[in-house]
Amino acid sequence: SNGRLEMIDRPDNFNSGLTSSSTPNPGRYRVPVRDANGDLTGSFRTISDPNCGGTREDPTVPGNNPNGFTFAGQCWFDFGEFWDYRAAQDQGQAFAHATYDFSSGLTLSGQWGYFKRRTYNRGSPSNPGGRVGELPAIRGEIPGNPFPAVDANGNQLYAVDANGDGVPDRNANGMVIRAPGAATGIPFNEDVAFAAWRPWGKHGTLPSQLGPDGSTVGAGLIHGWRSALRADFSVPWIEGWEGSASYMYSEQTDNSRANNFSLSALTQGLNCDVANDRDACFTPFVSTDPSTLNTQAVADSTYVQNRVFDVESLQTLDVVLNGVISPGGFALPGGEVGAAVGYQRREDRFDNTPSLHSLTGDVFIGTQLFPVSDGRTVDAYFVELSLPVFNTLEAQVAVRNEDYSTGQSSTDPKFGLVYIPTDWLTVRATTGTSFIAPTLNQLNAPESCGLTNVSDPFTTFAAFTANCSQGNPNLVPESADTTAFGVTLNLLDGMTLDIDWSETNFEDRIISSTTADILAADFFNFRQATGYSGSGLPPVDQVRAWVNNPLSDKRIQRDPNNVAQIDRIISSSTNASKMDVTALDLKFDYLFSIGDWGTMNFGLDATYVDSYTYQLSADRPVVEAKGNQNALTGAVPPMPEWKANASIGWNMGNHSANVIVRYIDEITFDAEKFSFQRLLPFSNYRDVEVLRASTITDASYNYSGLDALGGEFSFTVGARNLFDRLPQKVPMLGGMESILYDPTGRMLYGRVTFEM
């Protein structure tokens, strides 16, 4: 198990990163505009809840800014106190293995394993990206409505209340019937609509399903098992040939708890009968009067929790035969021809049952989901030949054919040469093709919604929104041509150096499209279609016209009343047009004796990326990823030019020690900088251009060979990140780059192992 590392545990990184949202609670509302006579003009103003907090307090103190804070004329929500760098987790596993020599020509073995993992992740009380546009208008009589109806001069307006129930009367169109003045009517508030809002924050009556600190509490539960049987045997009727046959079945079940909000409960609470059933009303506003707070029953009714039931299974059958081919004593000058032939049958399947609230469609974030099942089989055959042309030269030939029940198939050859002219030099070269079909989940996975932070190239929107990922049935298999060349040098006794160069050219590379990819592609298509060439944001009317254009990407779902508010983006895997990777791998190892003090070992593993280019589509430019963070695309990860691990090891009898230094080269920082953060109170904002090179040191000591209790004990103590290096502070979520770097800091550990 491991404990939780909260973002507020790293306050310097916390305050340098994105921890506030412009999709707030309290929210922003579209308030109608009236003229001097008090008549509606048809226009609206977007106004934050008047009871939103003032100047921001220290966000690293839990509970601060309970009513949000005001910045740049609007309300904001601090969410960072609810987020973790690392979630708490408990896990366990069991494993068993048995082998039985049935005869000299047959050995049977079996394996069984089981694992279970629980994850306790936290999150904001509620997230942005909900179906705000589907909620009804917030009537003026809803308890706590802070928007009095006034004319253009600020004078209070009045409404007819013929039955004296304290609720303004309305006409057949639902409009408030105005009274001439206070003598014949009651003051009333405006009907308003949501402009930007999340259901729950830190104020008022919160759902009891939230954690003690007000956070959403996740309950991830994944468990699975694996069983395998294997037979190793001498092949009958073919002298000298050996074979193996194995069967494996594995199954994994995701029974995690899904949290969401009930769209129907929110709607019902907003449509309540204020006069006769006030306690059933839902108010989205900051309530300064305790009598207007939501009841606990209403708060709890909006929050739904149910578990998913997703099962993935894989079973394989493998048969491999290997030996030599020497008909009539035939042999090449270097020796007999070695061969291996094999067959594999794979069957994978998934059965996904969404949570109950997703099945009914009663969700504020996301849409209605249905049970989804899919499966496929793959038949694969391969042949490999080892051809010892001379004593110093060996050729290798292989071919593999795969045939998918879903219609994809491929035959891929591979050729290699190994040349050993001396005992200190080995030269090798390979070339071949490969083929990868999309996985079932990449093709047909049901929708799953989470959070993403985006910077909209069309508008000023720069905030979190919902990212709903799903399968893409239009994916095609990716293919690749690979060429590699390498040498091994035995420089001294115990000293070796491996140098390997490789080049891989992908076609139709399967990549995960990010929301930034989708927005960038839509903006590119917008420019191509409209001829817009400005350097700034396009006019709002032009953006609105593009959103309504059939050529625009409908996966980007904006508020129909405000195109500058992105409600959610639907993403999936896609095929990149091409991707080319050229790299050099170095491996050095030197083992030598230091007499009575044992042996020492020096090692180095390094990778140099010469080039890593990608092209998302045929009409898009080719992009060099090397040396860049690549934060705005899902095509490639951060790609430092150099990565290396250097190690020093010592061994003497029962004692051993090891030190590893892990190096990552600097890369260009290209993530969205969210520069507004520099103006926030308590901000530790850094205008970063480069992610500096990183060096992390791990060290350990081991003592083994202690005989006791009928077995052998070994003891290990060590430190990861010995010098307590923390990630560089950057203006990203949590103030750090999370793919390359770890916020844990120094971690000391001890381990006891017992073998019987």
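The values are calculated or read from the model by the stated rules, or taken from the named source; none is laboratory data. Predicted model only: the values in this text are computed from it and were never measured. Positions of Cβ are generated from backbone atoms using ideal geometry, with glycine treated the same way; all protein chains shown enter the neighbour counts.
Counting just the residues of segment 227-286 that are over 40 Å from the mean Cα position of the chain (by Cα) and polar (S, T, N, Q), which one comes out surrounded by the fewest Cβ atoms within 10 Å (Cβ to Cβ)?
N276
Exactly one of these conditions fails for A395: (1) in contact (Cβ under 8 Å) with a residue 40 or more places away in the chain; (2) among the aliphatic types (A, V, I, L, M); (3) farther than 21 Å from Q315 by Cβ. Give me its number.
(1)
Name the residues in segment 445-477 that are among the polar types (S, T, N, Q), in contact with a Phe, Trp or Tyr (Cβ under 9 Å, 6 or more places away or on another chain) and buried (at least 19 other Cβ atoms within 10 Å of the Cβ), would you?
T452, N453
Residues of segment 187-219 being outside any loop (DSSP other than H, G, I, E, B), without any contact (Cβ under 8 Å) to a residue 60 or more places away in the chain and surrounded by fewer than 17 Cβ atoms within 10 Å (Cβ to Cβ), which ones? Give the derivation first.
First, the residues of segment 187-219 that are outside any loop (DSSP other than H, G, I, E, B): 187, 189, 192-196, 216-217, 219.
Retained after the next criterion (residues that are without any contact (Cβ under 8 Å) to a residue 60 or more places away in the chain): 187, 189.
Passing the criteria: only P187.
Which of (1) farther than 25 Å from Q442 by Cβ; (2) of a type in the set (S, T, N, Q); (3) crowded, with 17+ Cβ neighbours inside 10 Å does T530 not meet, given it meets every other one?
Evaluating T530 over (1) farther than 25 Å from Q442 by Cβ; (2) of a type in the set (S, T, N, Q); (3) crowded, with 17+ Cβ neighbours inside 10 Å leaves (3) as the failure.
Has segment 137-155 got at least one residue that is modelled with pLDDT of 95 or more, polar (S, T, N, Q), outside any loop (DSSP other than H, G, I, E, B) and farther than 17 Å from V274 by Cβ?
no
Hey, could you check segment 683-713 for residues that are assigned to a strand (DSSP E or B) and aliphatic (A, V, I, L, M) and say which is nearest to the chain's Cα centre (by Cα)?
Only one residue fits best here, namely L691.
Checking F77 against (1) in contact with an Asp or Glu (Cβ under 7 Å, 6 or more places away or on another chain); (2) under 30 Å from D742 (Cα atoms); (3) in a strand (DSSP E or B), which single condition isn't satisfied?
Of everything listed in (1) in contact with an Asp or Glu (Cβ under 7 Å, 6 or more places away or on another chain); (2) under 30 Å from D742 (Cα atoms); (3) in a strand (DSSP E or B), F77 misses just condition (1).
So which strands (runs of 3 or more DSSP E) are wholly in segment 349-440 and hold at least 2 residues that are hydrophobic (A, V, I, L, M, F, W, C) and not assigned by the TED database to the domain that holds R509?
So the answer is 372-390, 393-404, 409-422.
Only residues that are of a type in the set (A, V, I, L, M), under 51 Å from the mean Cα position of the chain (by Cα) and surrounded by 20 or more Cβ atoms within 10 Å (Cβ to Cβ): list them for segment 138-166, please.
I138, I142, A149
Kindly provide the set of residues from segment 218-232 that are over 30 Å from Q344 (Cβ atoms) and in contact with a strand residue (DSSP E or B) (Cβ under 6 Å, 6 or more places away or on another chain), ordered by number. Can you show your working first?
Within segment 218-232, the first condition is being over 30 Å from Q344 (Cβ atoms), and the residues that meet it are 218-221.
Once the filter is applied, which keeps residues that are over 30 Å from Q344 (Cβ atoms) and in contact with a strand residue (DSSP E or B) (Cβ under 6 Å, 6 or more places away or on another chain), segment 218-232 yields A219, G220, L221.
Does D84 satisfy being surrounded by 14 or more Cβ atoms within 10 Å (Cβ to Cβ), farther than 25 Å from D39 by Cα and either acidic (D, E) or free of Cβ contacts under 8 Å to residues at least 24 places away in the same chain (or both)?
Working: surrounded by 14 or more Cβ atoms within 10 Å (Cβ to Cβ): yes; farther than 25 Å from D39 by Cα: yes; either acidic (D, E) or free of Cβ contacts under 8 Å to residues at least 24 places away in the same chain (or both): yes.
Yes: the conditions hold for D84.
Please verify whether F674 is under 30 Å from N65 (Cβ atoms), over 20 Å from the mean Cα position of the chain (by Cα) and either surrounded by 18 or more Cβ atoms within 10 Å (Cβ to Cβ) or not assigned by the TED database to the domain that holds D580 (or both), treating the condition exactly as stated. So that I can check it myself, show each step before the final result.
On the way: under 30 Å from N65 (Cβ atoms): yes; over 20 Å from the mean Cα position of the chain (by Cα): yes; either surrounded by 18 or more Cβ atoms within 10 Å (Cβ to Cβ) or not assigned by the TED database to the domain that holds D580 (or both): yes.
Yes; evaluated as a whole, the condition is true for this residue.
Consider only pairs whose beta carbons are under 9 Å apart and that are at least six residues apart or on different chains; among these, list those whose first residue lies in segment 21-45 and is assigned by the TED database to the domain that holds I566 and at pLDDT 95 or above and whose second residue is acidic (D, E) and loosely packed, with under 12 Cβ neighbours inside 10 Å.
Taking only residues 6 or more apart or on different chains, not a single pair turns up.
Of all residues being small (G, A, S), out of contact with any Phe, Trp or Tyr (no Cβ under 7 Å at 6 or more places or on another chain) and at pLDDT below 95 in segment 684-712, which is surrounded by the most Cβ atoms within 10 Å (Cβ to Cβ)? Just the residue, please.
S704
Search segment 726-739 for residues being surrounded by fewer than 18 Cβ atoms within 10 Å (Cβ to Cβ) and aliphatic (A, V, I, L, M), and hand back the single one that is nearest to R692 (Cα to Cα).
For segment 726-739, the residue satisfying everything is L726.
Those residues that are surrounded by fewer than 19 Cβ atoms within 10 Å (Cβ to Cβ), in a loop (DSSP other than H, G, I, E, B) and modelled with pLDDT of 95 or more, I need them from segment 623-664; list them, please.
Of everything in segment 623-664, those that are surrounded by fewer than 19 Cβ atoms within 10 Å (Cβ to Cβ), in a loop (DSSP other than H, G, I, E, B) and modelled with pLDDT of 95 or more turn out to be G627, E641.
Of these, T459, T422, T431, T483, which one is β-branched (V, I, T), touching a Leu at 6+ places or on another chain (Cβ under 7 Å) and at pLDDT 90 or above? Walk me through how you get there before you give the answer.
Working: T422 fails: touching a Leu at 6+ places or on another chain (Cβ under 7 Å); T431 fails: touching a Leu at 6+ places or on another chain (Cβ under 7 Å); T483 fails: touching a Leu at 6+ places or on another chain (Cβ under 7 Å).
It is T459.
Quick one: in segment 80-104, which of the residues that are in a strand (DSSP E or B) and small (G, A, S) is nearest to G735 (Cα to Cα)?
A88
Just one of L519, L551, L586 is surrounded by fewer than 16 Cβ atoms within 10 Å (Cβ to Cβ), assigned by the TED database to the domain that holds C468 and in contact (Cβ under 8 Å) with a residue 60 or more places away in the chain; which is it?
Unique residue meeting the criteria: L586.
Having 3 or more residues that are aliphatic (A, V, I, L, M) is the bar; report the strands (runs of 3 or more DSSP E) wholly within segment 456-574 that clear it.
It comes to 462-469, 478-492, 495-512, 562-571.
Scan segment 160-175 and tell me whether some residue there is closer than 30 Å to L314 by Cβ and outside any loop (DSSP other than H, G, I, E, B).
no
For segment 105-134, which positions are over 23 Å from S448 (Cβ atoms) and either in a loop (DSSP other than H, G, I, E, B) or within 18 Å of the chain's Cα centre (by Cα) (or both)?
G105
For the condition of a type in the set (A, V, I, L, M), free of Cβ contacts under 8 Å to residues at least 40 places away in the same chain and out of contact with any Ser or Thr (no Cβ under 9 Å at 6 or more places or on another chain), what is the one hit in L748, L709? Write out each step before concluding.
Working: L709 fails: free of Cβ contacts under 8 Å to residues at least 40 places away in the same chain.
Only one candidate passes the filter, namely L748.
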